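Comments concern the structure below.
The values are calculated or read from the model by the stated rules, or taken from the named source; none is laboratory data. Bear in mind that the values here come from a model prediction, so they are computed numbers and not experimental data. Glycine gets a Cβ as well: all are built from the backbone with ideal geometry, and neighbour counts include every protein chain shown.
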Amino acid sequence: MILVTGATGKTGRQAVAQLLAAGMDVRALVRDPQAAALPEQAEVVRGDLTDAASVEAAMEGVDGVFLIWPLLTADAAPAVIAAAEKHARRIVYLSAWGVPDDDTVEPEPGILAFHTAIERAIRASTLQWTLLRAGGFASNTLAWAEQIKQGDVVRASHARATRSLVHEADLAAVAVTALTTAGLEGKAPHLTGPQALTQAEQVRTIGDVLGRRIVFEELDEDAAAAALEAQGLPPEYARAIVEAHGQMESEPEQVSPAVAEITGRPARTYREWVADHVADFG
């Protein structure tokens, strides 16, 4: 039995489907089982990572955990990891590229900070662990979907910021491999897509797949951060994302071969990801 948290998110849904296809028993931890719309073969249980009792109940009888962390702090992580230690044998955590290996190094506050805290707690546990240090998620470009539905211009900062965006199906495929086979214990692979594209090229790719001409209009950092805050991100996270994109203009995100090496198939391209998500762009 494998427990998947964050099971209604894009990577979580893929993981549930792929684990079931691999013949595994799957339990999905969700806040609202009636709205989950997961495959009927999955055991869907109500719970929340901030509710220790519900996490403890969800861990009963599981052998492995795919931990996807939808929260912006690591406050609840010690109780979740303790429950996993009590019941499970292995854990795979969807982390982020850039978490320092050196435990004496503290990352800047923000996304890397909570991933670092959770990674360190997992490594200090008795669980067999694998840390999936993902690069940029292709699904993050759905932040542009509303603009694309309304017109042919995407407004954001740093047109030349270059990322090797990874498809959620590939993240899930690596997680399934780590949970169902030996060889990835104690590893922290860097997971990316197969190509590096600037943000302007990403927008052009969306347009090509949709059969439209969509252009990238560059905003300054203040305006871009304000736009992210308007989408619900805390100010410090919005600013960190914009500044990271600025850094990726001069230091492009590198392409990693890990997805292909681990799964035995090429990583999906960004164009393939867009084709899989045409309906999301309207």
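For segment 56-73, a residue qualifies if it is at pLDDT 95 or above and closer than 19 Å to Ala96 by Cα, and the qualifying residues are Val65, Phe66, Leu67, Ile68, Trp69.
I need the full set of residues from segment 36-77 which are assigned to a helix (DSSP H, G or I) and loosely packed, with under 15 Cβ neighbours inside 10 Å, in order please. Ala53, Ala57 - these are the residues of segment 36-77 that are assigned to a helix (DSSP H, G or I) and loosely packed, with under 15 Cβ neighbours inside 10 Å.
On the basis of being modelled with pLDDT of 95 or more and part of a strand (DSSP E or B), does Arg120 make the cut? First the steps, then the outcome.
On the way: modelled with pLDDT of 95 or more: yes; part of a strand (DSSP E or B): no.
So Arg120 fails the test.
Across segment 101-117, the number of residues qualifying as at pLDDT 95 or above and in a loop (DSSP other than H, G, I, E, B) comes to 0.
Residues of segment 247-262 that are in a helix (DSSP H, G or I) and exposed (fewer than 15 other Cβ atoms within 10 Å of the Cβ): Gln247, Ser250, Ala260, Glu261.
Just one of Ala172, Ala182, Ala188 is of a type in the set (Gly, Ala, Ser), at negative phi and without any contact (Cβ under 8 Å) to a residue 40 or more places away in the chain; which is it? Write out each step before concluding.
On the way: Ala172 fails: without any contact (Cβ under 8 Å) to a residue 40 or more places away in the chain; Ala188 fails: without any contact (Cβ under 8 Å) to a residue 40 or more places away in the chain.
Matching residue, one of Ala172, Ala182, Ala188: Ala182.
Considering segment 78-100, the residues that are of a type outside the set (A, V, I, L, M) and part of a strand (DSSP E or B) include one that is surrounded by the fewest Cβ atoms within 10 Å (Cβ to Cβ), namely Arg90.
Do we have any residue at all in segment 222-229 that's farther than 25 Å from Trp69 by Cα, surrounded by fewer than 16 Cβ atoms within 10 Å (Cβ to Cβ) and touching a helix residue (DSSP H, G or I) at 6+ places or on another chain (Cβ under 7 Å)? No, because not a single residue in segment 222-229 is farther than 25 Å from Trp69 by Cα, surrounded by fewer than 16 Cβ atoms within 10 Å (Cβ to Cβ) and touching a helix residue (DSSP H, G or I) at 6+ places or on another chain (Cβ under 7 Å).
Residue-level check: of (1) surrounded by fewer than 14 Cβ atoms within 10 Å (Cβ to Cβ); (2) in contact (Cβ under 8 Å) with a residue 24 or more places away in the chain; (3) not aliphatic (A, V, I, L, M), Thr269 misses just (1). Among the residues of segment 176-191, are any at pLDDT below 95, more than 17 Å from the chain's Cα centre (by Cα) and part of a loop (DSSP other than H, G, I, E, B)? So far as segment 176-191 goes, no, none of its residues is at pLDDT below 95, more than 17 Å from the chain's Cα centre (by Cα) and part of a loop (DSSP other than H, G, I, E, B).
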